[in-house]
Ligand code: GCU
């Protein structure tokens, strides 16, 4: 039977209205949600059905509720999850089986710890804002300031730009290896401290100058340019843009994965820069950015090496250890935004021993690539970081490296301060200074050179 025009027309009219609604929905997207960190933290707790969380201990060693610093009370757990045993209890015997096991471990970290990167995170367009020729410690360098504009056509109420500065030796004979540093942005109006009291170059070369002396370049990536370091920022930055200004679901990514995502986008750019050998790019970060650096290493296979500074809890330290910073601290309203909402559950009703994974498995996700775990002296940096907790994680990642034909950490006893353990792909060094990677750069670079090679050879 022929379909009459009178029947088609109303259908077309409905379709037209629908199309118009869609267009106007696109033209005026839902406004972004604004919450304080405390409000968003409570919202997430409600979503998870949690009324209260256990409070974390204090970072002040003199406080009555000071974090434990007594090694004899640090390890109440009976065992650690085994990276070489599948969820169903079967052993992992080959490199091919490890790939399948690795996917299981990634799923645990995604769902329970760091959160999932949405499939449709908008793309980034890199623009070179300026290129200048400068000198650093007597070495001529090319400094490129870059802006990575995140496509916000799907949600124009948020705009996000990644701040990256790439410095390469001007006289290089070919593409150079390069370290990405997760950099701290000085607050507006504050200038970085002078290198010395009279403004002259310090006696010891800076880490940048040490890299240049070996023919390497360096890039400084500012994580807070694309994701704020606060729960209040979760509806802003790249997490907020990808979520169209709405608050997170319990397994959505937190700031650590967002910061690591930025490192991946920086590598996208570096792959297009002829001054850089993108196959020889590493990452370095300290403290919360040490956590971001190990997360980036774990998730981004293009990173060739990691220098993980004082990352502590949520980074390279075993979360089950009762020493220094605890899961309860990480789950509080001041730090929960680093993680997936689901992670809060391990500070109530669950406990850290319920975690399906621990930090040794995060390190094992980096295998077979080299990872250098760095920490300062307990006397200067304090015990919050839990140096031994990171050492133990390194030791227990070893079996995965060995399965892949590499060496893990070549020790099982915690080394004396200023002893470089770098015989295997997992290196460890506790320097005599404070909360910095500074004193460990020479040892890191000696170790890195073994894997990355000298700048001119390819
Ligand atoms: C706090 C926090 C640590 C973090 C550190 C930092 O001490 O508890 O987890 O690493 O800040 O980033 O400086």
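Take the residues of segment 400-423 that are buried (at least 18 other Cβ atoms within 10 Å of the Cβ) and in contact with a helix residue (DSSP H, G or I) (Cβ under 7 Å, 6 or more places away or on another chain): which is nearest to residue 376 (Cα to Cα)?
420
Test residue 323 against the stated conditions and say whether it is under 22 Å from residue 79 (Cβ atoms) and either more than 7 Å from the ligand (Cβ to nearest atom) or without any contact (Cβ under 8 Å) to a residue 24 or more places away in the chain (or both).
yes
Which residue out of 282, 254 is away from the ligand (no atom under 16 Å from the Cβ), more than 9 Å from the chain's Cα centre (by Cα), more than 12 Å from residue 221 (Cβ to Cβ) and surrounded by 24 or more Cβ atoms within 10 Å (Cβ to Cβ)?
Numbers: 254 fails: away from the ligand (no atom under 16 Å from the Cβ).
Result: 282 is the single residue among 282, 254 that is away from the ligand (no atom under 16 Å from the Cβ), more than 9 Å from the chain's Cα centre (by Cα), more than 12 Å from residue 221 (Cβ to Cβ) and surrounded by 24 or more Cβ atoms within 10 Å (Cβ to Cβ).
Mind checking whether some residue in segment 297-313 is within 9 Å of the ligand (Cβ to nearest atom), assigned to a loop (DSSP other than H, G, I, E, B) and closer than 28 Å to residue 453 by Cβ?
Filtering segment 297-313 down to residues within 9 Å of the ligand (Cβ to nearest atom) leaves 310-313.
Filter once more, keeping what is assigned to a loop (DSSP other than H, G, I, E, B): 310-313.
Checking the rest, the ones that are also closer than 28 Å to residue 453 by Cβ come to 310-311.
Looking for residues that are within 9 Å of the ligand (Cβ to nearest atom), assigned to a loop (DSSP other than H, G, I, E, B) and closer than 28 Å to residue 453 by Cβ, one finds at least one in segment 297-313, hence yes.
Is it true that residue 443 is in contact with a helix residue (DSSP H, G or I) (Cβ under 8 Å, 6 or more places away or on another chain), at negative phi, outside any loop (DSSP other than H, G, I, E, B) and surrounded by 15 or more Cβ atoms within 10 Å (Cβ to Cβ)?
Numbers: in contact with a helix residue (DSSP H, G or I) (Cβ under 8 Å, 6 or more places away or on another chain): no; at negative phi: yes; outside any loop (DSSP other than H, G, I, E, B): yes; surrounded by 15 or more Cβ atoms within 10 Å (Cβ to Cβ): yes.
Answer is no for this residue.
Considering only residues that are crowded, with 24+ Cβ neighbours inside 10 Å and not in a helix (DSSP H, G or I), look in segment 336-354 and name the one that is nearest to the ligand (Cβ to nearest atom).
339
Out of 432, 448, 455, report the one residue that is closer than 22 Å to residue 180 by Cα and in a loop (DSSP other than H, G, I, E, B). It would help to see each step written out before you state the result.
Details: 432 fails: closer than 22 Å to residue 180 by Cα; 448 fails: in a loop (DSSP other than H, G, I, E, B).
None of the other options fit; the residue is 455.
Scanning for something within 16 Å of the ligand (Cβ to nearest atom) and without any contact (Cβ under 8 Å) to a residue 60 or more places away in the chain, does segment 387-405 turn up at least one residue?
yes
Just for segment 105-124: of the residues that are in contact (Cβ under 8 Å) with a residue 12 or more places away in the chain and loosely packed, with under 12 Cβ neighbours inside 10 Å, which one is nearest to residue 87 (Cα to Cα)?
From segment 105-124, those in contact (Cβ under 8 Å) with a residue 12 or more places away in the chain are 105-106, 108-118, 120-124; that's our starting set.
In the following step, the residues that additionally are loosely packed, with under 12 Cβ neighbours inside 10 Å were identified as 120, 123.
Working: 120: 29, 123: 34 Å.
Ranking the qualifying residues of segment 105-124, first place goes to 120.
Output the number of the condition that residue 375 fails; it satisfies all remaining conditions of (1) in contact with a strand residue (DSSP E or B) (Cβ under 6 Å, 6 or more places away or on another chain); (2) away from the ligand (no atom under 16 Å from the Cβ).
It is condition (2) that residue 375 fails.
Rule-based calculations on the coordinates, nothing more; no lab input. Keep in mind it's a predicted model, so treat the numbers as computed, not measured. Every residue, glycine as well, gets a Cβ built from its backbone with ideal geometry; the counts of neighbours run over all protein chains shown.
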